[in-house]
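This report concerns only the one structure given below.
Values in this text are rule-based calculations from the coordinates and carry no lab data. All values reported here derive from a predicted model rather than from experimental measurement. Glycine also receives a Cβ, built like all others from the backbone with ideal geometry; neighbour counts cover every protein chain displayed.
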Amino acid sequence: METGSFVTAADRLNVTQSTVSARIRSLEDQLGMQLFDRDRAGARATPAGLRFQRHALGLIRMWEQAQLEVGLADHYQGSLVVGAQVSLWEGFLLDWLAAMSRQSNPVAVRAQFGFSSVLMQRLTEGVMDLGVMYTPEMRPGIKVEKLFEDEIVLVSSEADGKGDLGRNYVYVDWGPEFQRDHSLNFPETVRPGIHMELGTLGLGYFLENEATGYFPKRIVAPLVADGRLSIKLGAPVFTYPAYGVYSEDADPEIMGPAVVLLKRLARRL
């Protein structure tokens, strides 16, 4: 489905096209449904194929998680698959990750990122253990705990201190919640010349060039304190509560200390 072609898929997998075709036919026989329409232009997913894709991705993630757990070294107490929105890793979850590794009974952690909807889906499928996000969904068997209020503020590295949404404005995409609020507050803003989906990696650009854009306050605070960036007073501030989300059936000996540590770091913020 990613390649749109059995030939390209075979090249990617380093097998023959006939092998790919045979595997797809076997899968279709087991499901009793045709997954692809084939023609000279390539292969297109049928409606059944599109429906199966979501389950296939879940099966892949579950297999990867099983490999992680089975292959753990003996000194690990267990494992956790942890996902969060990209803005919540820097300045929060990376600190949590370091603290987890220093525990006397260490837990192996697989770190992922995604928007709230994707993270909730992974939690529901059982292929992720703990999520940190802005807009969780209330679902049976899933526990949601508020951690802290995250503020995304407008900062600038422009020498004249103007820092408006003009020529040097860089749109840093912090997810659907930010996209919505940004559009509501700046409905007439011309599409900026630079659009970043790099999260905090984009800070390097701001420090090397004159630019203005939105970043989480907890991340830019040290740069504001030493004068490398300035917060633009009077500009809209976007505030989002961050939540820890996990299954009520999670192993308390592993999830309990992990959540306690999350809350401890959140209080420091």
*Tabulate in residue order the Karplus-calculated ³J(HN,Hα) for segment 11-20, using 6.51 cos²θ - 1.76 cosθ + 1.60 with θ = phi - 60°, rounded to whole Hz; enter x for Gly and Pro.*
4, 5, 8, 6, 10, 7, 5, 5, 5, 4
*When the dipole is taken about the Cα centre of segment 6-68, and only Lys, Arg (+1) and Asp, Glu (-1) are charged at their Cβ, what size is it in debye, to the nearest 20?*
120
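So how do 23, 180 line up by other beta-carbon neighbours within 10 Å, fewest first?
On the way: 23 14, 180 11.
Ranked by crowding around the Cβ, least crowded first: 180, 23.
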*Sort out for me the Cα centre separation of segment 1-37 from segment 167-230, rounded to whole Å.*
43
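Could you give the size of the charge dipole of the chain about its Cα centre, using +1 on the Cβ of each K and R and -1 on the Cβ of each D and E, expressed in debye and rounded to the nearest 20?
Values: 27 positive and 33 negative charges, 41 e Å.
The calculation lands at about 200 debye.
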*Can you work out ³J(HN,Hα) from phi for every residue in segment 141-147, in order, using Karplus 6.51 cos²θ - 1.76 cosθ + 1.60 and θ = phi - 60°, giving whole Hz and x for Gly and Pro?*
x, 10, 9, 10, 10, 6, 9
*Given the Cα-Cα distance of residue 111 and residue 55 and 0.36 nm per residue of separation, how much length would full extension add, in nm?*
18.0 nm
*Can you give the helix-only mean residue ellipticity at 222 nm for the chain, where every DSSP H stretch with n ≥ 4 adds -39500 (n - 2.57) and the sum goes over all residues, rounded to the nearest 500 deg cm²/dmol?*
-12500 deg cm²/dmol
_Report the number of Lys pairs in segment 141-266 whose alpha-carbons are under 21 Å apart, with separation of 8 or more residues or on distinct chains._
7
*Select from 119, 88, 35 the residue whose mean-square fluctuation is largest in a Gaussian network model of the chain (Cα-Cα springs shorter than 10 Å).*
35
*With a point put 7 Å past each Cα toward its Cβ, work out how far residue 17 is from residue 209 in nm, to one decimal.*
4.4
